[in-house]
Amino acid sequence: MQEKMRKFIEEFHMIEEGDTVLAAVSGGADSLCLLLLLNDLCEKMKFRLCVVHVEHGIRGEESLKDAVFVEKLCGEMHIPCRVCRCRALEYAGQHKLTVEEAARELRYQLFDETAKAFGAGKIAVAHNQNDCAETMLFHLARGSGLLGLCGIRPVRGQIIRPLLCFTRGEIEKYLAAQGRDFCIDRTNEELQYTRNKIRHQVLPLLMQINTNAVTHMNQAAAFVAEAVELMDELSRQAEAKYISRYDNEIIISRMLLTEPPAVVRMVLYRVLTKAAQSSKDISSIHVQQLWDLFARQSGKEADLPYGLRARRTYEGILLQAGREAQRRQETMPVSWELPLAGSLSISSFGYTIHTRLIEKMPQNEEIPKKMYTKWLDYDRIKNTTRLRTRQEQDYLVINREGKRKKLKKYFIDEKIPAKRREQILLLADGAHILWVIGYRISEDVKVTEHTKRILEIRVDGGEKSE
């Protein structure tokens, strides 16, 4: 088990030497297995391990006992541990969420806060192959496109999932061999939750058909993920070519239909989720609804989630943001997700961004000193990088000791006019500004002799000059 997980971690570059890893431990079988295996590996792979436990305030005395169990175990293993408490039921009511959704949202908020407190760049969670299969079935039943069939990915930003190489059966056998007791969350047995129905009723039937059903579904998810990466790049190119944005209106050119159907479908999905500022409740049904509108007469309309309204025009489709989508847009900055390798066109800035991932430090190549071409230490980036305008909490790291400077203070020190500040594009990792485009990069992501992988970013167009 230990060797299998080590190879899986290395395959997906989950943990590097010198990392601090925060393990999310509920006390259940999966998270206990995660803790034990990571503890066995931390000395060998030279990383530091710490633990977070979230008590959601849902299960009363049973939940409190789980927190004590985890805290005591970490004490015995000499692993730093923080127990966080929240009130998922109250939060669900306040934000009109299901208890599951509220618990997950609060849980990941607390993971982020605890990671910052421990100085952890990676957060390990205990999803396994059964969880991935259940997620695929859940999305499939709800009407998912390709993205939903990717299941659960091994790495998402700073979230890593080292147990995705194991089935739940393998985990239970390992704990039995170790003679380890674990906590049991009785809410996982309650069939009013959709995922529990899939876990206890649907998946066992599929495993009667083929005992390797879970493994095969995970293999299929990996194949779909590879296809999605390719489709994502093709759809970005098509989106730049056929989609125009004006304030709260989006024009989808009818020439989009000259692209392959799979590309059309992904572009329409991307357009919908961006217009809504959310992917929740946007499904293949809504993508098809938008596509079908191309075949209707000019003036025909379709109502979509988040108050979005689509109208057929001579040029194609006009997508207008309703009140809910407008409210979301007004509270969020202009933002684009940076592709890991490829190109991204940002017409409002007149920029085309080109990226490539260099897997090994070049021996005879100098670090670029151009204002609009930068090398960043890829393994120092903690989350998904975005290109966006400024936010209130933005900061730069200005020296090797990690000293921070507010972006606002940096703009003042550089004597950048107030009106100009809103037009400067930023490469952001959360509130951490990695690059003020046309100006400096953060000291925290500068390439050094210890750098293993490099993210190269080149900006073309706009009013810049090298």
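Pop the C-beta distance of residue 4 and residue 404 into the FRET formula with R0 = 41 Å and round what comes out to the nearest 0.05.
The value I calculate is 0.55.
Under a 1.4 Å probe, what is the accessible area of the chain per residue, stated in Å²? Kindly include the intermediate steps, with their values, before the conclusion.
On the way: 24400 Å² over 466 residues.
Each residue of the chain exposes 52 Å² on average to a 1.4 Å probe.
Which length gain, in nm to one decimal place, applies between residue 449 and residue 76 when the Cα-Cα distance is subtracted from 0.36 nm times their residue separation?
Values: separation 373, 0.36 × 373 = 134.28 nm, distance 3.80 nm.
Full extension from residue 449 to residue 76 adds 130.5 nm.
Just to verify a number: FRET efficiency for residue 416 and residue 181, C-beta to C-beta distance, R0 = 51 Å, to 0.05? Kindly include the intermediate steps, with their values, before the conclusion.
Numbers: r = 60 Å, r/R0 = 1.17.
Calculated value: 0.30.
How large is the dipole of the stretch 63-134 about the Cα centre if only Lys and Arg carry +1 and Asp and Glu carry -1, each at its Cβ, rounded to the nearest 20 debye? Intermediate results must be reported in sequence, preceding the final value.
Values: 10 positive and 11 negative charges, 51 e Å.
Using only the charged Cβ atoms, the result is roughly 240 debye.
Longer than 22 Å from Cα to Cα, which of 274/409; 241/374; 4/46; 96/300 are they? Say none if no pair is. It would help to have the intermediate numbers written out before the result.
On the way: 274/409 31 Å; 241/374 26 Å; 4/46 17 Å; 96/300 33 Å.
Checking Cα-Cα distances, 274/409; 241/374; 96/300 exceed 22 Å.
Could you run the Karplus curve 6.51 cos²θ - 1.76 cosθ + 1.60 with θ = phi - 60° over the stretch 402-417 and give me ³J(HN,Hα) per residue in whole Hz, x for Gly and Pro?
Going residue by residue, I get x, 5, 9, 9, 4, 4, 4, 5, 4, 4, 5, 4, 7, 6, 7, x Hz, with x marking Gly and Pro.
Within the chain, which cysteines find no other Cys whose Cβ is under 4.7 angstrom from their own?
33, 42, 50, 84, 86, 132, 150, 165, 183
Select from the stretch 382-457 those GluC sites (Glu not before Pro) which occupy a DSSP coil region and have at most 15 other Cβ atoms within 10 Å, ordered by residue number.
Qualifying residues, ordered by number: 392, 401, 414, 422, 449.
Compute the distance in nm between two label points, each set 7 Å from the Cα along the Cα-to-Cβ direction, one at residue 254 and one at residue 117.
5.9
Sequence neighbours fewer than 8 away in the same chain don't count; with that in mind, list the aspartates and glutamates whose C-alpha is under 19 Å from residue 406.
Within reach: 392, 394, 414, 422, 429, 443, 444.
Set Lys and Arg Cβ to +1 and Asp and Glu Cβ to -1, take the dipole of the stretch 100-214 about its Cα centre, and tell me which of 140, 214, 154 lies farthest positive.
Checking the options against the dipole of the stretch 100-214, the answer is 154.
Determine the share of the stretch 65-194's accessible area contributed by carbon and sulfur atoms, expressed in whole percent, with a 1.4 angstrom probe.
Values: 3480 of 6770 Å².
It is 51 percent, rounded to a whole number.
Would you calculate the convex hull of the Cα atoms in the chain and tell me its volume per residue in Å³? It would help to have the intermediate numbers written out before the result.
On the way: hull volume 80.9 nm³, N = 466.
In the chain, the Cα hull volume divided by residue count equals 174 Å³.
What is the spread of the Cα atoms of the stretch 1-117 along each of their three principal axes, largest first, in whole Å?
45, 29, 26
Just to be sure I follow: if Rg is taken over the C-alpha atoms of the stretch 155-305 and Rh is the Kirkwood radius over the same atoms, what is Rg/Rh?
Values: Rg = 21.4 Å, Rh = 19.5 Å.
Ratio value, two decimals: 1.10.
What does the charge add up to near residue 253, with Lys and Arg as +1, Asp and Glu as -1, over the other residues with Cβ less than 9 Å from its Cβ?
+1
Can you give the charge dipole size of the chain about its Cα centre, rounded to the nearest 20 debye, using +1 on the beta carbon of Lys and Arg and -1 on the beta carbon of Asp and Glu? Walk me through the numbers on the way to the answer.
Details: 71 positive and 64 negative charges, 258 e Å.
Computed about the Cα centre, the dipole is about 1240 debye.
What full-extension length gain, to one decimal in nm, is calculated for residue 431 and residue 279 as 0.36 nm per residue of separation minus the Cα-Cα distance? Walk me through the numbers on the way to the answer.
Details: separation 152, 0.36 × 152 = 54.72 nm, distance 2.18 nm.
Contour length minus Cα-Cα distance gives 52.5 nm.
Fully extended, how many nm does the chain gain between residue 194 and residue 366 (0.36 nm per residue separation, minus their Cα-Cα distance)?
Extending this stretch completely gives an extra 56.5 nm.
Ignoring everything but the protein chains, give the 1.4 Å probe accessible area of residue 255 in square angstrom, nearest 10.
My reading of the accessible area for residue 255 is about 90 Å².
So, R0 is 25 Å and r is the distance between the beta-carbons of residue 153 and residue 40; what FRET efficiency does that work out to, to 0.05?
Computed FRET efficiency for residue 153 and residue 40 comes out at 0.55.
Only sites in a loop by DSSP and with at most 14 other Cβ atoms within 10 Å count here; which trypsin sites (Lys or Arg not before Pro) in the stretch 246-299 make the cut? List each step's numbers first, then the result.
Values: sites: 254, 265, 270, 274, 280, 296; in loops: 280, 296.
Within the stretch 246-299, the qualifying trypsin sites (Lys or Arg not before Pro) (loop, at most 14 other Cβ atoms within 10 Å) are 280, 296.
Can you list the GluC sites (Glu not before Pro) in the stretch 189-278 that are in a DSSP coil and have 15 or fewer other beta carbons within 10 angstrom? Write out the running numbers ahead of the final one.
Values: sites: 189, 190, 226, 229, 233, 239, 249; in loops: 190.
Taking the stretch 189-278 and a limit of 15 other Cβ atoms within 10 Å, the loop GluC sites (Glu not before Pro) found are 190.
The values are calculated or read from the model by the stated rules, or taken from the named source; none is laboratory data. Please read these numbers as outputs of a predicted model, since none were measured by experiment. Cβ sites come from the backbone with ideal geometry, for glycine too, and all protein chains shown count toward neighbours. Accessible surface areas use protein heavy atoms only, side chains included; no ligands, DNA or RNA. Shrake-Rupley method; radii C 1.70, N 1.55, O 1.52, S 1.80 Å.
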